[in-house]
Structures are given as C-alpha cells and as structure tokens.
1. Give me P(r) over region 105-182, computed from all C-alpha to C-alpha distances, binned every 5 Å, as integer percentages.
2. Using Cα springs under 10 Å in a Gaussian network model of the chain, which residue among 160, 75, 217 shows the largest mean-square fluctuation?
3. Which residue, 120, 137, 155, tops the fluctuation ranking in a GNM of the chain built on C-alpha contacts under 10 Å?
4. Over the chain, with a Gaussian network built from C-alpha contacts below 10 Å, which listed residue (54, 195, 163) shows the highest mean-square fluctuation?
5. To make sure I understand, if each residue's beta carbon is the centre and we count other beta carbons within 10 Å, what order do 171, 101 fall in, fewest to most?
6. For the chain, state what percent of all Cα-Cα pairs lands in each successive 10 Å bin, counting from 0 Å until the bin that includes the largest distance.
7. Using only helices, what value at 222 nm comes out for the chain when you add -39,500 (n - 2.57) per DSSP H run of length 4 or more and divide by the total residues, to the nearest 500 deg cm²/dmol?
8. Taking a quarter of the surface of the Cα convex hull of region 134-240, what do you get in nm²?
C-alpha cells in the first residue's frame, strides 16, 4: 500500500535568500554610491549586499501595499463623499533583543523616503513609552524593565490611536540609551507622516496573549503591515554579548 503523504497548507509564502534577491531585478536602485555608504553608518556590520538583495525588494513590496492603501482611501472618500484627514500608514517592526529591529527600521525609513508616493517617513521606538526608572523602582519592577509591565501601554496605545485618527503634532516621549531612562521635558513630535515605522519588542502583541480579556486594545490593532525580525538563538546571544564586551 502506497504511503500517504502529509501536506500542510498555509496562507504564507516562503522565500530563500537566493529567490528573494532575484526580486530586486524589478526594483530600480534608487541609491547612489555615497548614499549606500551613508546607510553603512546605520550599522557597521551591515553589508551592501544585504541592502540591495534584501531591503530594496522589501521596500518595493511595502511601496505596493502603501500605494494600494492610498488608492483604496481615495475610492472610499469618493464613494462616501468625504474628505478625511490624512491617515499615516503604520509599519510595525518587532523581534527579540539584539536581533536588529533598529537597523531594519532605520534602513526601511531611508529607503521608503525615496519613493515619490511617500516622502515623509517617521520612526518611533517604543522605548520612549517605558515607565521612567523611578516609577519602575517605586513599583519594584526594575528587574522587569523591557517586559510588558514596564511599559505605559495606555499611553502607547493612545499615541498610536491619535496617529491613526489623523491627529496633528502627536507627541511621544524620548528614551536615552546613554542614561537608560526617559529624557525629561523632551518629546518627539509626529505630524501626519505618510508612513510611521513603529519599532519595539511589543508592537505585535495581540489578543492571543490576553485570552482572558477579549476587549483589550493592542498596538497591533492599528498596524497596517507587520514585520517580525528573527534569528537563531546562538546568533542573538553573540550579538547581545558582543557590544557589551
């Protein structure tokens, strides 16, 4: 009797690096040699092959999604007879500590600004929504810094909600990686960008994490396109220890 094969159906597409790199053939290289060198400053370990073979096709894919979203908004406004406020497209980037979320976010910001449909691309890190160190100490959760309970989630969700409502001059707190604390009296102002890149550990949390609270509102509820950056555990350990040592 012939052995029955098991097929797993999935809605997802999977590409190896070689296949993904071929997609760049349809993407014009919008970066000059000097601009490529500037991108090198984002991360000294970054190779230009990574930029060209991985991030350029990704920026083009995002451009397709964003352009489609803009057309959809225009059609809806025409149908409904409305003229709504400009609503930014939100890209959420999550992943483990030391995996390269910040590098990915800054690279995509640099690349996406070069597409004519969306010149204004802002970047926010959720580090700014950590509770100040003094609050963490008062609550005896300083050792839990970086975990969900160390964030002011109400403030973060309210911030993203305002952005998605088309509000102007929305303010976000600023975190310093020199003092490892929130910077007093300093804010980053977001004024209706074409795209907002939101980078952090917890931006893709969903109701699966809180099954006991079906009415919980998450940052991911406002995200239009999600990116999860992953790496092998041994690499994460190497990257995390590297800068410290």
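1. All Cα pairs considered, the percentages come to 3, 13, 19, 19, 18, 13, 8, 4, 2, 0.
2. Per the Cα network of the chain with a 10 Å cutoff, 75 tops the list.
3. 137
4. Taking springs between Cα atoms under 10 Å, the residue moving most is 54.
5. 171, 101
6. 6, 25, 34, 24, 9, 2, 0, 0
7. Result for the chain, helices only: -10000 deg cm²/dmol.
8. Its Cα hull, projected and averaged over all orientations, spans 9.0 nm².
Values in this text are rule-based calculations from the coordinates and carry no lab data. No experiment lies behind these values; they were computed from the predicted model shown. When we count neighbours, we look across all protein chains shown, and the Cβ atoms used for this are built from the backbone with ideal geometry, even at glycine.
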